[in-house]
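See below for the structure under consideration.
The values are calculated or read from the model by the stated rules, or taken from the named source; none is laboratory data. This is a predicted model, so every value here is computed, not measured. Counting neighbours? That spans all protein chains shown, and the Cβs are built from the backbone with ideal geometry, glycine included.
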Amino acid sequence: MFSLGGSSLFGRFLGTRANKASLATLASATLFGISTGVVGAALDKSFSPTTINAGGVSVLTFTVTNPTGAGALSNVGFVDTLPAGLQVANPANVGGTCSNAAAATVAGGNTITVTNLNVPAGAATCTVTVNITNVPSQFNQSCVGNPPSFTNASGNVTVSNVANSVQPSCLVVPTIASAPAAIPTTSGSLILLMIASIGMIAVLTLRSNGKDVL
């Protein structure tokens with residue numbers, strides 16, 4: 001007769017604490033349909049475009065994603081502190097698709113605060129958008145290595161009632177090349193230049209053995 005006692009193989013399997021916990025988790029998930037790993041709403045953000053001229057504008061988009069089966073959310077919020085090389089543009093043009101969101105920011109400032117954001121039951125997404133530009137005299141030639149002064153990452157954001165899933169997003173702001181000095185083109189300048197050239201040729205003309213040598 002099969003025994004569940006401590007002397008049987010199955011009994012010894014059940015005797016360890018880890019195996020008891022594993023069986024309990026399996027029973028909850030498979031026999032009773034209870035999920036032990038519910039995934040909730042998550043926040044991400046990105047720049048578009050990812051390259052601007054100095055003083056130009058990129059739209060910073062915050063996206064809240066609520067997965068399939070997740071309930072509606074309310075009072076979602078976050079605070080984004082921009083990296084040192086970036087600031088809120090003027091005008092900020094705060095927008096997006098999230099309902100009831102209150103976004104506070106100041107043109108020329110470096111903080112974006114969003115509160116009381118509502119997200120529908122999943123699957124659903126909504127967005128908050130803000131115009132961003134570079135701080136005057138601050139440039140970034142490349143995003144290789146994600147330079148801190150131009151990279152907006154998860155460490156720049158604090159969240160409430162939503163998971164921080166932000167991936168590094170970097171903005172390129174190339175240095176403005178200096179224009180070459182203009183060459184005078186007035187008729188008087190051209191005449192003086194021609195006279196000087198003829199005089200220089202005359203001075204450099206030498207007589208040697210009856211022949212001209214330049």
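Quick notes on this structure:
- All strands (runs of 3 or more DSSP E) inside the stretch 74-174 with 3 or more residues being at pLDDT 95 or above: 86-88, 111-119, 124-134, 157-160
- Filtered by the rule that a residue be crowded, with 18+ Cβ neighbours inside 10 Å and of a type in the set (A, V, I, L, M), the stretch 53-79 gives Leu60, Val64, Ala70, Leu73, Val76.
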